[in-house]
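Since the structure comes first, as structure tokens, the remarks are kept for the end.
The values are calculated or read from the model by the stated rules, or taken from the named source; none is laboratory data. Predicted, not measured: the structure shown is a model, and the values here were computed from it. Quick reminder, even Gly has a Cβ in these numbers, built from the backbone with ideal geometry, and neighbours come from all protein chains shown.
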Amino acid sequence: MFPRVLGAVAVLGLSAGAAAADYSLTILHTNDFHSRFEPISKYNSGCSEESNAEGKCFGGSARLMTAITEARRRSNNTVLFDGGDQFQGSLFYTYYKGKVAAEMMNRMGYDAMTVGNHEFDDGPEVLRGFMDAVDFPVLMSNADVTQEPLLAERLPKSVVIERGGEKLGLIGLTPIDTDELASPGKNITFTDPVPAVQAQVDKLTAEGVNKIIVLSHSGYEVDKRIAAETTGVDVIVGGHSHSLLSNTSDRAEGPYPTMVGNTAIVQAYAYGKFLGELNVTFDDEGNLIEAKGEPRIMDAAVTEDGAVKARIGELAVPLEEIRNRVVAEAGTPIDGKREHCRLEECEMGNLVADAMLDRVRAQGIQIAIQNGGGLRASIDAGPVTMGEVLTVLPFQNTLSTFQAKGSVIRAALENGVSQVEEVKGRFPQVAGLRFVWDPSVAPNAGRIVSVEVRENGAWVPL
């Protein structure tokens with residue numbers, strides 16, 4: 001079951017209630033939206049108008065607009081943050097790049113966001129264009145951008161905003177391995193988040209700011225480490241791991257908020273399927289004394305904002321011819337869920353790897369490997385459109401062929417299973433070979449037990 005109502009309360013210290021000098025704030029948040037401006041299905045892929053009318057769809061900018069508006073009416077002090085990865089994931093991004101994200105985020109009134117790794121998918125140029133178009137600060141503290149002319153002096157590590165007469169210090173984080181995950185170029189160096197955050201906390205505290213919020217595109221496990229190894233952080237608004245934190249859902253990775261010491265950590269899954277809503281209270285010295293809330297699911301119970309829906313419809317017109325072209329038929333649903341394809345063999349991985357091998361087999365190619373993290377959605381049963389294909393495979397990568405020794409293939413597989421516990425996306429979906437691996441062995445210490453390739457209709461050791 002997905003949650004619909006507000007959940008548990010974390011009360012810190014010995015406070016029994018809000019005193020006259022206490023300060024209350026509602027933090028609304030999204031993360032890993034991935035260009036899902038239109039409603040999505042339960043598989044996180046496209047959802048037809050007919051299914052939407054039948055109440056079977058989730059998310060979309062129009063529902064988010066309504067939910068944000070309603071939440072602001074319930075609270076005197078509200079902020080709206082994004083945990084990164086607005087970019088990439090649908091034909092909207094392929095066609096418009098960051099322009100639609102900038103327009104929608106301005107319309108919804110975001111107060112700040114952090115840079116996700118996918119904001120670098122098309123290099124600093126597209127990120128800079130997005131930053132020039134938005135009405136709010138975009139942050140990143142754990143990187144040196146001084147040698148990148150497009151971002152130097154333009155991408156702050158932290159900022160201070162005011163809400164309800166109080167100052168809020170905001171710090172941004174991106175994955176330390178963004179240079180491996182995306183295309184930031186050679187002029188940017190990424191660093192460990194913990195010292196980066198602490199340096200900004202110390203700076204903000206010296207400026208008299210005593211309420212500090214980190215916008216972190218680092219993942220749930222890293223966020224817990226940041227909370228444990230830094231001082232002075234009150235709230236971490238997370239992203240990157242697509243984690244649903246909840247007090248009511250059986251799919252939750254942890255409670256909402258997850259408390260590590262006096263730091264409240266939140267994250268709201270992905271794709272605009274939820275709007276996070278965290279209500280916090282600070283005492284007059286800036287200490288966090290209460291944190292409560294629950295992400296709200298963006299299902300049919302949330303009415304779509306008419307003006308936003310109409311605008312998305314206008315923007316979709318140039319895309320219709322491309323994405324409505326039927327290219328195949330699926331007899332059953334094809335599972336491409338993140339929690340499967342990044343951890344084990346999955347249906348979508350088999351399909352994509354098999355298709356890759358089929359395309360180049362005539363060249364003498366024997367095997368194909370696709371990383372699970374490159375598979376971005378499932379596909380429903382029935383006609384398969386080009387739009388669905390581009391949602392599953394949005395990155396416009398080029399299929400490359402080459403010769404390699406067996407030792408190289410084995411090393412690649414070893415690397416592929418080295419971060420399964422962190423759900424990093426390296427897991428190898430394969431065709432033309434099969435392998436056995438042992439998760440009880442330490443990463444990069446011989447997890448791959450055996451590898452076989454298909455030759456003349458038989459499996460033989462590599």
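Selection over region 174-198 of residues that are out of contact with any helix residue (DSSP H, G or I) (no Cβ under 7 Å at 6 or more places or on another chain), in contact (Cβ under 8 Å) with a residue 40 or more places away in the chain and assigned to a helix (DSSP H, G or I) gives a count of 1. Looking at D132, D111, D121, which one is of a type outside the set (S, T, Y), within 18 Å of the chain's Cα centre (by Cα) and either closer than 26 Å to H242 by Cβ or in the same structural domain as L204 (by the TED database) (or both)? D121 is the lone residue from the list that is of a type outside the set (S, T, Y), within 18 Å of the chain's Cα centre (by Cα) and either closer than 26 Å to H242 by Cβ or in the same structural domain as L204 (by the TED database) (or both).
Yes/no matrix, rows are residues, columns are (1) β-branched (V, I, T); (2) modelled with pLDDT of 95 or more:
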| site | (1), (2) |
| --- | --- |
| N247 | no, yes |
| E253 | no, yes |
| Y271 | no, yes |
| D299 | no, yes |
| V308 | yes, yes |
| A330 | no, yes |
| R338 | no, no |
| N350 | no, yes |
| V360 | yes, no |
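Would you confirm whether any residue within region 368-382 is more than 24 Å from the chain's Cα centre (by Cα), crowded, with 18+ Cβ neighbours inside 10 Å and of a type outside the set (S, T, N, Q)? For region 368-382, residues more than 24 Å from the chain's Cα centre (by Cα), crowded, with 18+ Cβ neighbours inside 10 Å and of a type outside the set (S, T, N, Q): present. Would you tally the residues in region 338-367 being among the hydrophobic types (A, V, I, L, M, F, W, C) and either surrounded by fewer than 19 Cβ atoms within 10 Å (Cβ to Cβ) or touching a Gly at 6+ places or on another chain (Cβ under 6 Å) (or both)? Total meeting the criteria: 9. Residues of region 93-103 that are surrounded by fewer than 24 Cβ atoms within 10 Å (Cβ to Cβ) and either part of a helix (DSSP H, G or I) or free of Cβ contacts under 8 Å to residues at least 24 places away in the same chain (or both): T94, Y95, Y96, K99, V100, A102, E103. Close Cβ contacts (under 8 Å, 6 or more residues apart or on different chains) running from residues in region 68-84 that are at pLDDT 95 or above to residues that are in a helix (DSSP H, G or I) and of a type in the set (G, A, S) comprise T78/A71.
Starting from residues that are outside any strand (DSSP E or B) and touching a strand residue (DSSP E or B) at 6+ places or on another chain (Cβ under 9 Å), keep the ones in region 250-263 and report whichever is surrounded by the most Cβ atoms within 10 Å (Cβ to Cβ). By that ranking, first place goes to Y256. Selection of first residues in region 251-270 that are in contact (Cβ under 8 Å) with a residue 60 or more places away in the chain and of second residues that are in a loop (DSSP other than H, G, I, E, B) and aromatic (F, W, Y), restricted to Cβ pairs under 7 Å at least 6 apart or on distinct chains, gives the following pairs, ordered by first then second residue: V266/Y256. With respect to R323, is the statement that it is among the charged types (D, E, K, R), surrounded by 12 or more Cβ atoms within 10 Å (Cβ to Cβ), modelled with pLDDT under 90 and closer than 21 Å to P39 by Cβ true? Yes: the conditions hold for R323.
The lone criterion from (1) assigned to a loop (DSSP other than H, G, I, E, B); (2) out of contact with any His (no Cβ under 6 Å at 6 or more places or on another chain); (3) more than 14 Å from R63 (Cα to Cα) left unmet by A270 is number (2). The single residue among A310, A316 that is farther than 23 Å from E422 by Cα, free of Cβ contacts under 8 Å to residues at least 12 places away in the same chain and out of contact with any Gly (no Cβ under 8 Å at 6 or more places or on another chain) turns out to be A310. The set of residues in region 199-226 being among the β-branched types (V, I, T) and in a helix (DSSP H, G or I) consists of V201, T205, V222, I226. The residues listed here are T146, T114; of these, the one that is touching a residue at least 12 places away in the same chain (Cβ under 8 Å) and of a type in the set (V, I, T) is T114.
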